[in-house]
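Each remark here refers to the structure printed beneath this line.
The values are calculated or read from the model by the stated rules, or taken from the named source; none is laboratory data. Note that the structure is a prediction, hence the values are computed from the model and not measured. Heads up, the Cβs are rebuilt from the backbone with ideal geometry, glycines too, and the neighbour counts pull from every protein chain shown. These accessible areas exclude ligands, DNA and RNA; they are computed on the full protein's heavy atoms, side chains included. Shrake-Rupley method; radii C 1.70, N 1.55, O 1.52, S 1.80 Å.
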Amino acid sequence: FYLGLVLNVVCVAGMVLFAFHPSLAKAFVVNGSRLLERMKFLRHKKSREEKLAASMEKYNQTADYMVEHFGMLVVVFIITVVQRFSLFAATWFVYKAFGLSGSSSWLIILMQGAIAVAVDMLPLPGGMGISEYLYMRIFTPIFKSSTAASASMLVSRGFSYYVLVIVSGIISFITHLTVRGDKETDKE
């Protein structure tokens, strides 16, 4: 949990700092690249420097856009908070659907948030496995048995993760068919 919390704070602070201070981001990327070259992890290539300069220019344009449209950034932040809260609340609805009581909705939602904080920024493959392990460790006492906790995990993860993956896949497939259909129409 503490590692996840530190990684979240550092990554989010770094992204915000870089977003609103693009010159700092550029210096960080260029100096990081040079350091990797000196440490012999990368060979010096002029094309890499040009690509970095181009990407930093695009980054600067994006940062300028964010500053100019700060209201939109606030709206996106609010939507993201509501979305995450809704996903975390799925476990509470499952808890109530099982006819259980004794734990508040805020406790359950905060425990789901703690799992997300612990796992979201870990740069490890198999993050869902860790997340589901933590879910079982945290929610077995709340659901009063490992069987009920397992069933609740399947239902809540089904809503909060797997349904989103399936819906995203369907939308991607439909988009793929639609875009491909437009290109064939243009050729005719």
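Just a few scattered comments:
- Computed from Cα positions, the angle between helix 2-20 and the longest principal axis of the chain comes to roughly 40 degrees.
- Accessible area of the stretch 5-137 divided out per residue, in Å², using a probe of 1.4 angstrom: 68 Å²
- Per residue of the chain, the DSSP helices (runs of n ≥ 4 H) give a summed -39500 (n - 2.57) that works out to -28500 deg cm²/dmol at 222 nm.
- Only protein atoms count toward the accessible area here, which uses a 1.4 Å probe; on the chain, the carbon and sulfur part of that area reaches 70 percent.
- Nearest 10 degrees, 0 to 90: helix 46-68 Cα axis against the chain principal axis: 60 degrees
- The stretch 3-51: mean projected area of Cα convex hull, nm²: 4.3 nm²
- With a cut-off of 13 Å between beta carbons, the residues surrounding Ile109 carry a summed charge of +2, where Lys and Arg count +1 and Asp and Glu -1.
- Overall shape of the stretch 59-133 was characterised from the C-alpha gyration tensor. The equivalent ellipsoid obtained from it has semi-axes of 32, 18, 8 Å, in decreasing order.
- Alpha-carbon spread of the stretch 1-107, three principal axes, descending order, Å: 65, 36, 18
- Using only the C-alpha atoms, the convex hull of the stretch 99-168 corresponds to 99 Å³ per residue.
- Mean shadow area of the chain, taken as a quarter of the surface of its Cα convex hull (nm²): 16.2 nm²
- With Cα atoms, 0 to 90° folded angle of helix 163-187 axis to the chain main axis: 40 degrees
- Since only Phe1, Met153, Gly113 are under comparison, the one whose Cα sits farthest along the positive direction of the charge dipole of the chain, derived from C-beta charges on Lys, Arg, Asp and Glu, is Phe1.
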